[in-house]
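Peer 1: Quick one: structure below, then a few questions.
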Amino acid sequence: MVLDKLGESLRNSLNKIKNTMFVDEKVVNELVKEIQRALIQADVNVKLVFTIGKKIKERALQEKAPISLSKKEFLINIVYEELVSLIGQGDSSIDTSKKKPFTIMLVGLFGNGKTTTAGKLANYFKTRSQKVALISTDTWRPAAFTQLQQLGKQVKVDVFGKPELGDPVKIYKEYEKELQKYDIIIVDTAGRDALNEELFEELNNINKHIHADETLLVLNADIGQSAEKQAKAFHDTCHVTGVVMTKLDGTARGGGSLVACAVTQTPIKFIGVGEKIDALETFKPKGFVGRLLGMGDLESLLEKAQAAFDEQDAEDMGKKFLKGDFNLLDLYTQMSSMKKMGSLTKLIDMIPGLSGANISKDMLRGQEEKMENWKFLMNSMTKKELEDPDLIRGSRLDRISEGSGQDVRDLRLLLKQYKQSKKMMKMMKGATGTEKDMQKMMQKMNQKNVKFR
Ligand SMILES: Nc1nc2c(ncn2[C@@H]2O[C@H](COP(=O)(O)OP(=O)(O)OP(=O)(O)O)[C@@H](O)[C@H]2O)c(=O)[nH]1
Ligand SMILES: [Mg+2]
């Protein structure tokens, strides 16, 4: 758990109220004093600590508790809300679907965790079905590229770099064309030992070429409230869009750095909570404070559960698919789950035996687009038609195409592809099932240009 000490002090203070008989001014004053002490120990700026204390006091004494809450619950909720607004507002997650490729550039001073975070982010997006590329533009630190290569190998994503070119822009240009085929490009940059003009110039120069969709400042949490100065400098000169706060696992001053960033209006998007590749979490102020106060971090938990569920779901679907019995209804169910699971490409990766097959990813992507239209067609079919697509002939064709607003030619194509897939299923069922056989079969089908469903 991160910020152990701060969390423990805050929880202890709140526990005390749970045990008091009444909530009166004395109790509120005592609570506020303890919260302020805990925040100062976590290196939160004293002025801000004073303000939050005043706010909690005012609200607790002036606002009326809603009927559904006891006075104690109401007070705890005020503390929760004020701490949330102290460290950030709303949801600051990154929407990578708005552009392809989506480029994320990591910036920051020496040793703050840029390269490590690049690897962690690659892992984060890869497990969410995105095709990720890492590129090192660091020509300063010896072995920076090797470090990134090792991380890339661990996550199994492609890594680009050529430090001998000696110039970040040249390195990026060398691979620019190749990088276009990825969903996400993560650019690792060089640091410096202190804030300086030359670093900002280098970063701005790189960004002139890559036009990053997100420029994330990687900041070590153990600098406490001095994070404000760094965040402000990078924000003002490099158009930073967010912060990744690293090493929150090993410092008592993390509270101070989180609050300091919030002051500069640079949202914290991720937090690093360990050295391992998966020790990265999205930062949601509400969930974070909830967890700190021991209310349970529902949101993060749900997110984690969802990712785990998707993996399992995809695996089950893969098995069903391999068994060979499927009709349009199954296809429909699969497609509805598809969005949740990520993509067809990911599904393919999860089917044993097919992951190594040489199926063109572009072809799969084309299929995915077509399947969006199929959804409309299928929505206009009756359950019977979905179960037995052979019924769909004559006037049924017109009814379905009119009802769905789709061209009848698309409907015929869907039916044709369904038949082809069914044939393929039969072949699969008859196959001996070794991985080699499967791959051979897929390659053959690819050559014949038989579309994979
Ligand atoms: N405990 C902990 N260690 C971290 C975290 N993030 C990074 N580190 C460690 O911090 C050290 C420096 O990380 P790097 O990723 O090399 O930092 P960098 O910003 O790329 O450094 P330069 O390339 O020199 O500018 C490494 O030992 C990492 O393992 C984190 O969230 N928690
Ligand atoms: Mg580095």
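All of the numbers you see were taken from the coordinates with simple rules; none came from a lab. Note that this is a predicted model, so its numbers are computed, not measured. Every residue, glycine among them, receives a Cβ derived from its backbone with ideal geometry; neighbour counts consider all protein chains shown.
Peer 1: Order the peptides 189-202, 211-224 from the highest to the lowest mean number of other Cβ atoms within 10 Å of their residues.
Peer 2: 211-224, 189-202
Peer 1: Here is a further query. Would you calculate the separation in nanometres between label points at SER93 and VAL46, each defined as 7 Å from the Cα along the Cα-to-beta-carbon direction?
Peer 2: 4.1 nm
Peer 1: Now a separate question. For a quick check of your reading of the filter: which chymotrypsin sites (Phe, Trp or Tyr not before Pro) in region 21-77 sit in a DSSP loop and have no more than 11 other Cβ atoms within 10 Å?
Peer 2: Answer in residue order: PHE22.
Peer 1: Additional query: Among the trypsin sites (Lys or Arg not before Pro) within region 48-117, which fall in a DSSP loop and have no more than 15 other Cβ atoms within 10 Å of their own Cβ? Intermediate values should be presented prior to the final figure.
Peer 2: Values: sites: LYS54, LYS55, LYS57, ARG59, LYS64, LYS71, LYS72, LYS98, LYS99, LYS114; in loops: LYS64, LYS99.
Taking region 48-117 and a limit of 15 other Cβ atoms within 10 Å, the loop trypsin sites (Lys or Arg not before Pro) found are LYS64, LYS99.
Peer 1: For the residues ILE268, ILE171, ILE87, what sequence is obtained by ranking on other C-beta atoms within 10 Å, fewest first? List each step's numbers first, then the result.
Peer 2: Values: ILE268 28, ILE171 24, ILE87 21.
So the residues, fewest neighbours to most, are ILE87, ILE171, ILE268.
Peer 1: Which order do TRP374, TRP140 fall in if you start with the one that has the fewest other Cβ atoms within 10 Å?
Peer 2: So the residues, fewest neighbours to most, are TRP140, TRP374.
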